[in-house]
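Asker: Questions regarding the structure given below will be posed in turn.
None of the figures in this text is laboratory data; all of them are computed from the coordinates on show. Predicted model only: the values in this text are computed from it and were never measured. Don't worry about glycine lacking a Cβ; one is built from the backbone with ideal geometry, like all the others, and counts go over all protein chains shown.
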Amino acid sequence: MEHELRIRGLRLHVREAGDGPPLLLLNGIGAHVGMWRPLEATLPDVRVISYDAPGTGRSETPLLPLTIPALAGLAEGVLDALGCEQVDVLGYSFGGIVAQHLARRAPERTRRLVLAATTPGWGGVAGSLATMTHMATPLRYYSRSYYDATIGDIAGGRARSDPEWIERHAEERQAHPPSPLGYAWQLAALTVPPGSLPWLHELRHATLVLPATTTRSCRSPTHCCSRTGSRTRGCCSRRGRDTCCCSTPTAPPIRRSATSSAATSWTARMPAPAASTSTRRWSSRRCARSAARCIPSRC
């Protein structure tokens with residue numbers, strides 16, 4: 001079901017699918033709700049809620065840019081309008097940043113977090129210059145040739161090797177492109193410091209972090225270990241090529257999941273929240289910055 005809501009003066013396009021415990025999806029920069037359909041198909045027993053962020057898809061473009069905290073406020077407004085007291089939240093890329101701010105803004109309404117291929121913002125390890133340059137323009141939403149030339153570098157994984165996935169994803173992405181101004185406003189939101197790094201360790205939600213399977217900024221798990229191991233007891237553990245963990249002395253390292261099945265089975269894998277449940281805590285800012293390269297996760 002797709003419908004329109006007016007939240008804090010802005011018209012937002014909202015999509016709901018499935019029936020069960022609510023899950024709020026927050027999409028990446030420029031993306032629209034239709035791009036969540038493959039995930040929705042794997043979660044028939046979950047009430048999946050998504051919406052086009054301001055300036056993307058079929059939502060209204062604001063006259064002025066919104067900050068990340070303001071975008072988190074809009075997400076909370078969507079929950080209010082739909083009568084959701086508490087939800088699980090999955091944020092992808094840009095949406096992952098909004099999810100972190102939502103969890104801080106409304107901790108009692110955020111049950112559990114999934115942070116997929118995202119960043120704390122300022123203070124995190126930046127991606128490659130080439131990738132950031134490709135993402136600085138919404139041209140991939142309008143030009144198929146530009147999309148074909150850049151999507152492998154931007155998304156990695158199947159975007160580099162699966163022609164069927166590339167074709168399907170291109171059609172979905174370009175069905176409802178963002179407005180150029182809306183995309184610019186999202187980029188502007190990313191430039192406002194300080195990001196979530198100063199307070200990220202304060203979140204107490206059960207959190208699953210899904211890093212990208214192959215990215216230019218996380219080529220070697222040992223890099224994270226070499227940077228943080230000397231400063232934090234038990235900071236790193238390597239169990240295969242795709243594993244690098246960072247933990248406090250009181251929390252054992254947890255394996256980082258890099259399989260596609262993790263995204264579809266996370267509801268069964270994550271522990272139920274309890275009063276004593278806390279998110280993974282990075283022991284120092286240096287460790288946290290390294291974690292942006294090889295992110296710790298709860299699996």
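Asker: Would you please put 49-58, 201-210, 113-122 in order of how densely packed they are, using the mean number of other Cβ atoms within 10 angstrom per residue and starting with the highest?
Answerer: With the highest mean Cβ count within 10 Å placed first, the list reads 49-58, 113-122, 201-210.
Asker: Here's another thing I want to ask about it. If R0 is 35 Å, what FRET efficiency do you get for SER143 and ARG37 from their C-beta distance, rounded to 0.05?
Answerer: Efficiency at R0 = 35 Å is approximately 0.95.
Asker: Between ALA81 and TRP199, what FRET efficiency comes out of the Förster formula 1/(1 + (r/R0)^6) with R0 = 30 Å and r the beta carbon distance, rounded to 0.05?
Answerer: 0.65
Asker: Right, next: I'd like to compare 75-88, 164-177: which one has the highest average count of other Cβ atoms within 10 Å, and what's the full order after that?
Answerer: Listed from highest to lowest mean packing, they are 75-88, 164-177.
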